[in-house]
Amino acid sequence: MPADADHRVDDQLTRLRSDLGIVDWADPGQLRRRGVRRHVQRAASTGIAVVAGVGLLGYSVIAGIPSEHLTPVSDPPATLPGMPRPTPTGILGTALRIDPEPPRARLTAGGAASRYARPKPTHAPPEHRQHGPVTRSSTPPPSVPTASSTGTAPPPVIPEPTPTTAPPAPSAPPLTADALLSAAEMPTVNDSGSSWADAGTSAAEGSAAAHCQSGDLAGLGAVQAVRRDFTWGAEGTVTGTNVVGRFGTDADAVSAYDTFRGWLTACGWGQPHGPTSSDAGDQAGWWWVGHDNGDGTGQIEVVGLVRTGAQLSVVVWHEDGQDFSYGADPMAATLMATADRLATSGGS
């Protein structure tokens, strides 16, 4: 064997052992699956250099092939990771299959730089390059809580509903003298031929209209009241009164009607008689009460009640004497006229 061939084989074996000592394979399991490591170790232990760096001349020397028929081939250049490596032919023409992309190797701490090491880039990646001056604002951004800064999404802004005021409830028209009876609508007193005369109208309830009355309409809940007084004939022995009270609700007027009725039924001033029913308004009736003066004389008082809606009308007729004899109901027409007055004055 020529001396230069021995020198080259020794040099290749030395380089092979050096590379095997400093290279730490990243994935031994893959090497075992491929079988590359087994062939490399066998070639190193027996002196057969089955690597890409061993030339064709070395194989001919080891296998005993005459060297004069072979043309020496220079060492193949070293390959970088990711490039395909040549597949050498083993002894007796057996091809050794080496993975075209061996796993990347990393250098050990004390080893020299390997020819498989990838050079580090000396320039910055394109995405980190600065293409122009960067201007920074001196005003900090407003501190607005967001989902990323606080961890929770801010609550949605719900517009405040526009307050709406309910329209005021329609109020009843003010109580006027139209709710009161006229002199012509008052009951007929005996058959004397006299008539009633208007003695005055006021926008207040005034004193008690009837002797049996234990309270006033205001005490029963009336919010408004009007009054008209009457006289009969020239002697002044017969008087009359009509008082109308308006209540807040129909129920208040009903309660006032029932209370006044109880006053008449339990009258202590005289002996009550009645009531005489009537179809006027929502509720209606009348009573007469006889009072004994104790000297053989007496007095008679007639009281009629009519309720229509939230209004209550009290009709009183008072006369001196003890004679109360009528062939027909003297209050029937008067109570009907009273109900009509209440209906037209806003009481319905």
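The values are calculated or read from the model by the stated rules, or taken from the named source; none is laboratory data. Remember, it's a predicted structure, so these values are computed and weren't measured experimentally. Using ideal geometry, Cβ is built from the backbone for each residue, glycine included, and neighbour counts are taken over all protein chains shown. What goes into the accessible areas is simple: the full protein's heavy atoms, side chains included, and nothing from ligands, DNA or RNA. Shrake-Rupley method; radii C 1.70, N 1.55, O 1.52, S 1.80 Å.
If we count every other residue with Cβ under 14 angstrom of residue 268's Cβ, Lys/Arg +1 and Asp/Glu -1, where does the sum land?
-2
Please say if region 195-347 is rounded, prolate or oblate, where rounded means a/c under 1.5 for a ≥ b ≥ c the square roots of the C-alpha gyration tensor eigenvalues, and otherwise the choice is prolate for a/b larger than b/c and oblate otherwise? The partial results should precede the final answer.
Details: a/c = 1.59, a/b = 1.47, b/c = 1.08.
Prolate, since a/c reaches 1.5 and a/b exceeds b/c.
Send over a whole-number figure in Å² for the accessible area per residue of region 195-347, probe 1.4 Å.
That works out to 43 Å² for each residue.
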